[in-house]
1. Given bins 10 angstrom wide, list per bin the percent of all Cα-Cα distances in segment B:153-275, short to long.
2. If you place +1 on the Cβ of every Lys and Arg and -1 on the Cβ of every Asp and Glu, how big does the dipole about the Cα centre of chain B come out, in debye to the nearest 20?
3. C:Lys167: which lysines have alpha carbons under 30 Å from its alpha carbon, excluding same-chain residues fewer than 8 sequence positions away?
4. Run the reach check for A:Lys232 against aspartates and glutamates, Cα to Cα strictly under 12 Å, same-chain hits fewer than 8 apart removed. What comes back?
5. Which shape class, rounded, prolate or oblate, goes with segment A:236-328 when its Cα gyration tensor gives a ≥ b ≥ c as root eigenvalues, a/c under 1.5 marks rounded, and past that a/b bigger than b/c marks prolate?
6. For a Förster distance of 51 Å, can you work out the FRET efficiency between the beta-carbons of B:His194 and D:Asp336, rounded to the nearest 0.05?
7. Can you tell me the 0 to 90 degree angle between the C-alpha axis of helix B:261-271 and the longest principal axis of chain B, rounded to 10?
8. Place a +1 charge on the Cβ of each Lys and Arg in the protein assembly as shown and a -1 charge on the Cβ of each Asp and Glu, then give the dipole magnitude about the Cα centre in debye, rounded to the nearest 20.
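Please treat every number below as a calculation from the coordinates, not as lab data. If you're wondering where the values come from, they're calculated on a predicted model, not measured in any experiment. Every residue, glycine among them, receives a Cβ derived from its backbone with ideal geometry; neighbour counts consider all protein chains shown.
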Amino acid sequence: MSTTMSTAAATNAPQHLEKVTLGRSITNGLRKAMERDPKVVLIGEDIGKLGGVFRITEHLQKDFGEDRVIDSPLAESGIVGTAVGMALRGYRPVCEIQFDGFVYPAFDQIVCQVAKMHARSLGAVKLPIVIRIPFGGGIGSPEHHSESPEAYFAHTAGLRVVSCSNPEDAYWMIQQAIECDDPVIFFEPKRRYHDRGEYDTSAASAPRSLFEANVLREGTDVTLVGYGPVVKTMLESAAAAESEGTSIEVIDLRSLSPLPIDTVTASVRKTGRLVVVHEASNFLGMGAEIAAEVTEQCFYHLEAPVVRVGGANIPYPPSRMEEDFLPDLDRILDGVDRALAF
Amino acid sequence: MSTTMSTAAATNAPQHLEKVTLGRSITNGLRKAMERDPKVVLIGEDIGKLGGVFRITEHLQKDFGEDRVIDSPLAESGIVGTAVGMALRGYRPVCEIQFDGFVYPAFDQIVCQVAKMHARSLGAVKLPIVIRIPFGGGIGSPEHHSESPEAYFAHTAGLRVVSCSNPEDAYWMIQQAIECDDPVIFFEPKRRYHDRGEYDTSAASAPRSLFEANVLREGTDVTLVGYGPVVKTMLESAAAAESEGTSIEVIDLRSLSPLPIDTVTASVRKTGRLVVVHEASNFLGMGAEIAAEVTEQCFYHLEAPVVRVGGANIPYPPSRMEEDFLPDLDRILDGVDRALAF
Amino acid sequence: MSDNDVVQQTAPAGATTQNGDGGPDMIQLLTPEGERRSHPDYDKYVVDLTPQDLRGFYRDLVLIRRLDAEGYALQRQGELGLWPSLLGQEAAQVGSGRALRPHDFVFPTYREHGVGFVRGMDPQSSLQLFRGVSQGGWDPTEHNFHLYTIVIGAQTLHATGYAMGVKMDGNVGTGDPDRDTAVICYFGDGATSQGDVNEAFVYAASFDAPVVFFCQNNQWAISEPVSKQTRIPLYQRARGFGFPGVRVDGNDILATYAVTKHCLDEARNGNGPLLIEAYTYRMGAHTTADDPTKYRVSAEVEQWKLRDPILRLKTYLAHEGMADETFFQSVDEEADQFAQELRDGCINMATMPGETMWDHVYAEDHPVMEAERAAFLAYQASFEGAN
Amino acid sequence: MSDNDVVQQTAPAGATTQNGDGGPDMIQLLTPEGERRSHPDYDKYVVDLTPQDLRGFYRDLVLIRRLDAEGYALQRQGELGLWPSLLGQEAAQVGSGRALRPHDFVFPTYREHGVGFVRGMDPQSSLQLFRGVSQGGWDPTEHNFHLYTIVIGAQTLHATGYAMGVKMDGNVGTGDPDRDTAVICYFGDGATSQGDVNEAFVYAASFDAPVVFFCQNNQWAISEPVSKQTRIPLYQRARGFGFPGVRVDGNDILATYAVTKHCLDEARNGNGPLLIEAYTYRMGAHTTADDPTKYRVSAEVEQWKLRDPILRLKTYLAHEGMADETFFQSVDEEADQFAQELRDGCINMATMPGETMWDHVYAEDHPVMEAERAAFLAYQASFEGAN
Ligand SMILES: Cc1ncc(C[n+]2csc(CCOP(=O)(O)OP(=O)(O)O)c2C)c(N)n1
Ligand SMILES: Cc1ncc(C[n+]2csc(CCOP(=O)(O)OP(=O)(O)O)c2C)c(N)n1
Ligand SMILES: [Mg+2]
Ligand SMILES: [Mg+2]
């Protein structure tokens, strides 16, 4: 990792607290990264004048030019494949995939090239590529616009996979991902783009490493772990449970690969119970890996099997049914109840 | 499922035992299916005159013509995408992907089209497509020729995923896959193509459903579960363990999605210990799902956490290192020991 | 054909300019002013059209424009999640759609509401998709109109494979009009950049598939002008794959009808594939989620208004005495009626209960579907019990 | 250029026939008989070549043919897992490789051992890959020669992106020969069907990328003749994307050199992309795992023997008095020496220990790599303890 941006403890500079949306935080993080390093370039469909369909790259082409904010032809394999070439030429490309469901045409380039080039070259070649993917459901869209494909990438050795859940993390994590010398798949919780959060935008460094989990709320009865869009729902669930006398520890995983499992196991050793939440299908979703690792490492601490509150094992349903598909507060609390009742 | 081929109990016809390789068994199964149903067509690279790089389709083009054994242009998305169209026209296409590592260009068609068309049409459209993929390592090949991508497909709702491990299963399972009205990803253990097995080639029906697991060896101390190329190694491990006094139950999973978990849990309730074996990376590999489900369903029966003996979480290594990568007899027995020692 | 493209390259003919017209290569039978232009190759496809046929064309155009307006309004009123407008592309859709025979097969994108309409599809079908009631949910064999495809370009391979199947069935080049079958596949200008579309060209050419690729070049792929996708007119892409391509004025229903008819005949006769580039314009936003003011100037839109496909046919019909005010009014009235039915149908559309989510994932029994459905019902029942 | 491809289609010129020659479009400066043919556009690229240069070409050809023979032999002896032969394609590789400048950048497939050789690569690099010691393992920046790519066509997008980067760096069209940079990307006839390759054409054209696409049409993609991939000569594919394409006799080192030089210059000057189709033949099997007798007739191979690229240059050199028997013999001796070194290097190549598997998966620290490596070492140690 280049060291222009330290992840060490914050400096003593005066705080500048600002309330920013998650989406705008990513924009700001991209801008910072581009200002810091002229080799950072963005490429994707409609990211120029339009600023992307979610406006995450708004104004960046105007400010940095068409060579650094590149509207690509409509072809995702092309986006990622040319990004590989640019990285080989010394650039640090940040690809935007318009929606989760449109990353698959680029799957071959990601799995066979992006993930493997470093190993193929025995370390001679670095591919500092970030692939941004807005993901998840709950926005009332038709097919392919609400998917959670993170497990495909987390299963792929050679990639790093992260997801932010709040504005402050979004701001720092995108910068850290760009600074990382390995390829990073960066999942953005699209239904949280408009959520606001207050944080110190003048801080000189990120509060924690990109690959660390974050214990957002301490608790003693059950551990709740998740990432991305469901984190907010987990926090709401914990608050609701508290009023009923259940103390829930909430962990935002942030990194899916590598998996910061120690934070999870430390919590489970305390609570004895774990509920994993995500929107992706349960079957071979992140919850499967977390359940397997936690059970292996906390076999005698677990008082109940790990409960998985994930999406059903079906293609994402039509939007009028998505409420019944997504893990909401009730389904999370149902999972908590099941963990407690076991 | 069309009912031309029954899966009911075998008839009383005289047995015709034959010793056939696994590869030739698939050839024979394809031939049977093509004879039975004129709508069955094969498509893939080099499957015509050459008979495929593994000769699985040898002589079939000569016997059935170029319309039914279609040499495709060199493009995998094209193979699967045109197969979708043929299926819409009433054909039952069987696609050959030349090697595991070359399925990714077709990933988008498989995940977004093949897996979802039935749901998209609310059941009006059936896509009886089989995608044959020779998979796994151990053949001394360079990159992309030794991969185990099954978890990607098993995580994809709308697909069925199976793998054969022996000639008899190969013969029947390919026919059953072709008869299935759902898309089936059919994984062939390429390093076992030349293994021979004796079975009744005159039998009128398959010994069991395509989606059932098979208990290949009964045991009381530990359950070993796997699929495809490692099944033979598991049996060898069980035999070796027996001589040391350990009784291992060996289950060939055969179906990865749906997962015949009941066979596994029934065994674990008896043995109390489970070791899962596959070549794919452990992280989010089939072992993760099996561990999660078994732990959930057999929480009080498990005397040790589920042990996963899978591939390392790295891109498949250069072939001179593959021995150190693949789960061999020693690594399986090491896993068994760990399960027993817990 | 030069022996050496590298040193003797000619300037690209009729290169697409953002605001330019379709250039001299473009087939046109009806000028923007509604005047009939003769064309040696294509007149023969329209001479048989009766005034009644043409009035039917006009009716189609008006009704699908209304369909589109209602889709837009319904989205704005919260009844639909999204609406991709066909405004401006009516002639390209009706002209090509009307050129089809019943047993031809259509592969649309997400924008071919007009083609679906002329195929006899119930307009509620596409509304149900954008309302989020299903992801499509119709039977493609009912009107030989496939489900909408949202992943850009994916359907071009389906169309090619379907056409390969038609040929394997022996339904190409027999000379029997009830048997010979063509496939038409719609896609946009942006789609031409996708690998799948180019692979479809490769496969279709390799297998002489009876498919007509119908590219509606509406000048934009969301915010990107067609110049981002190609240096040369898109119909010329076919040259690189060894099959013919033609640019037609997509706002001219007669030309679109004639050219499509010709190409479908060619495909049916075994001379497929072929590529049609219908040169047209997306008058509205990409979808209701889009804001085109961010990336294009209104002058461009204004210019294209002068090429309106409906006005053009109306002028022609009126001028030639094939239709009068009474007729035009009757069509408008029919459109009002049609709109009302559309709205009512949409608003009253039933939403399927959550437990049906598991019903059609697999065609055959699947234990996970059953288990999850049962768990869902039990979970729901637990609330009822609690209340 | 006709205004209407659909009705005025001309017959494809020089359509590829399985056994046919390259047709009138093919650039040739040296006949199969070793006679010099003049060409108005391309002579200028070879006039400056000295007899010494040409003898150097000859030496390259002979050495890489030997490299290839040794690769084959080493595989047969179990020293390599696989060997993809370049036999027959020597002139295409040396001609194009020698046309490059040092700061140009090369993206090969898995068959460009000859290009690597003229770039100065240690031949052990590709041997290590096929021996299974690494998946490549060299630093592409050392000789501006990228790692081999096995997934068909994937490297065409890398080359395009790299070329876009060159342009972003401002290293195109400056007129400064030390600065202006071109990228060359190799791929086969079969690869032209892949989506990625066509997307690379789209991107390269859209961004005017300084890349030369160099397609070695060796007539076969494993068992499939080029006619399975295309109806028309492959160089014409470029026309569909709006950039120039040219077919060159790939068994003619002078023509290949000249055409590549021209195209690289064009790319460096900002007139990229361009496509070169080097018309050649894969004399051997696809790889050592292949058996071509299953799908092609030996008469075809015999015919191509008459077009041998080395013999052709040798005849020319001898006939023009630019080289004599002594020279030819010295090259053969050098080749013997070279072969011996190759063999020794290959056989003595160190295999890396298992625990290095985890070393280069990630550039930065990764806890799973460390944990798995430690577990592996402990597991290995447990055996040592047991013994
Ligand atoms: C593979 C894929 N990538 C991205 C998208 C998002 N998207 C939807 S429509 C569109 C533009 C399509 O442009 P064009 O092909 O010209 O068709 P038009 O919408 O203009 O009719 C894009 C980028 C998608 N649907 N599929
Ligand atoms: C995506 C992909 N599909 C299939 C293969 C298997 N394969 C290796 S080489 C080859 C044929 C390549 O033909 P061509 O492009 O003409 O190159 P050549 O080998 O003749 O040099 C195939 C099908 C592959 N490597 N990658
Ligand atoms: Mg468009
Ligand atoms: Mg070839």
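1. 13, 42, 34, 10, 1
2. Using Cβ point charges on Lys, Arg, Asp and Glu, chain B gives about 940 debye.
3. Result set, ordered by chain and number: B:Lys32, B:Lys39, B:Lys49, B:Lys62, B:Lys116, B:Lys126, C:Lys44, C:Lys261, D:Lys228, D:Lys294.
4. Output for A:Lys232: A:Asp195, A:Asp252, A:Asp328.
5. Values: a/c = 2.10, a/b = 1.34, b/c = 1.57.
Oblate is the answer for segment A:236-328, as a/c is 1.5 or above yet b/c matches or exceeds a/b.
6. 0.85
7. 20 degrees
8. Dipole of the protein assembly as shown, to the nearest 20 debye: 1200 debye.
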